[in-house]
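Trainee: One structure coming up, written as structure tokens, with questions to follow.
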Amino acid sequence: MTALVLTVALAGVIGLSLGLLGGGGSILAVPLLVYVAGLPAKEAIATSLFVVGVTSAVAVLPHARAGRVRWRTGLVFGLAGMAGAYGGGRLAAYVPGGILLAAFAVMMLATAAAMIRGRRAPRAEPVPHELPVPRIVADGVAVGLVTGLVGAGGGFLVVPALALLGGLPMPVAVGTSLVVIAMKSFAGFAGYLSTVHVQWGLAAAVTAAAVLGSLAGGRLAGRVPEAVLRKAFGWFVLVMGVLVLAQQLPAHLRTNPAVLAATGTALAAAAVCGGGYLYRRRAGAGGTEVGGGPGLLPAHPAGQVSRPAGTR
């Protein structure tokens, strides 16, 4: 009972991440369902796809009401991603659960690095708001395959693509990303259904908590400094990724003092660097860059696109 209550309580963080950042749901959901709820790896991945799909579909509503969704771009990306996600879900039946979790941990580390590093500014010249169809189809299939195979919804892959390739301001990229994540997650879940049993009671409870968190995140979007939140979340994902990857090591390595020391050092370094960054930001950081540094994407009010000085 304690594990169930803790699982449901932490599920709210999943929704909050989706509502605020347009991604990160599965990055948190899979470790939560494996290590707190005690589900097998494949069942956890399948359940996370359902939770994230429903939560993203609800989380997009406040963004849509605020005009922060590019429907055409999101639907094209989502349709391409659904094909890849369904294939990834079917392919996962032939891959051992331990390998899937290890691949998921690597995805967590890559995601953390991208979040901490920040996003480059879009090109200065005018760019179309709709992505070129061939490019968006290729990117959608690739991100969808990852979604279905390891349960990563791909929000932190989709959001930079929309911001950089499509020239969308961050709030609009976040809202549009939720459309893509919902479509791909449902497709990946469908691919798992033929081979994995889902505990629907647990899935419903986690989904309900995540939906409530997503609605809160949607209302906060644009009010919380995105750079601080994203980088803090990036350090947290980094720590979680190291822990998940360490769990996949052979038993004799998990108890090896040298391996434990290396893992502890990595976690301590992540904590120190993350804490130092947050302290500097609070102590006197100026500016409002989304990326947190020079040359990175500046923050915009919802739905507004930056323009060069002197233009109307």
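Trainee: Scan region 12-46 for residues that are over 16 Å from the mean Cα position of the chain (by Cα) and either hydroxyl-bearing (Ser, Thr, Tyr) or modelled with pLDDT under 80 (or both) and jot them down.
Mentor: TYR35
Trainee: Where residues in region 161-197 are within 21 Å of THR111 (Cβ to Cβ) and part of a loop (DSSP other than H, G, I, E, B), which of them is modelled with the lowest pLDDT?
Mentor: Result: LEU165.
Trainee: Looking for something under 16 Å from the mean Cα position of the chain (by Cα), under 14 Å from ALA203 (Cβ atoms) and in contact (Cβ under 8 Å) with a residue 24 or more places away in the chain - is there at least one such residue anywhere in region 3-11? So that I can check it myself, show each step before the final result.
Mentor: Just the residues of region 3-11 that are under 16 Å from the mean Cα position of the chain (by Cα), to begin with: 10-11.
Subsequent filtering for residues that are under 14 Å from ALA203 (Cβ atoms) retains 11.
Filter once more, keeping what is in contact (Cβ under 8 Å) with a residue 24 or more places away in the chain: 11.
So far as region 3-11 goes, yes, one or more of its residues are under 16 Å from the mean Cα position of the chain (by Cα), under 14 Å from ALA203 (Cβ atoms) and in contact (Cβ under 8 Å) with a residue 24 or more places away in the chain.
Trainee: Given the conditions (1) among the aliphatic types (A, V, I, L, M); (2) assigned to a helix (DSSP H, G or I); (3) under 27 Å from HIS197 (Cβ atoms), and given that LEU39 satisfies all but one, which numbered condition is not satisfied?
Mentor: Going through (1) among the aliphatic types (A, V, I, L, M); (2) assigned to a helix (DSSP H, G or I); (3) under 27 Å from HIS197 (Cβ atoms) one by one, LEU39 breaks only (2).
Trainee: Exactly one of (1) touching a Leu at 6+ places or on another chain (Cβ under 9 Å); (2) at negative phi is unmet by GLY24. Its number?
Mentor: (2)
Residue-wise test of (1) assigned to a helix (DSSP H, G or I); (2) more than 23 Å from ALA246 (Cα to Cα).
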residue	(1), (2)
VAL8	yes, yes
GLY15	yes, yes
GLY19	yes, yes
GLY23	no, yes
LEU32	yes, no
LEU49	yes, yes
ALA64	yes, yes
ARG72	yes, yes
GLY81	yes, yes
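Trainee: Report yes if some residue within region 84-101 is at pLDDT below 80 and of a type in the set (Lys, Arg); otherwise report no.
Mentor: No, because not a single residue in region 84-101 is at pLDDT below 80 and of a type in the set (Lys, Arg).
The values are calculated or read from the model by the stated rules, or taken from the named source; none is laboratory data. Everything quoted here is computed from the prediction, not taken from an experiment. Cβ atoms come from the backbone with ideal geometry, glycine included; neighbour counts cover every protein chain shown.
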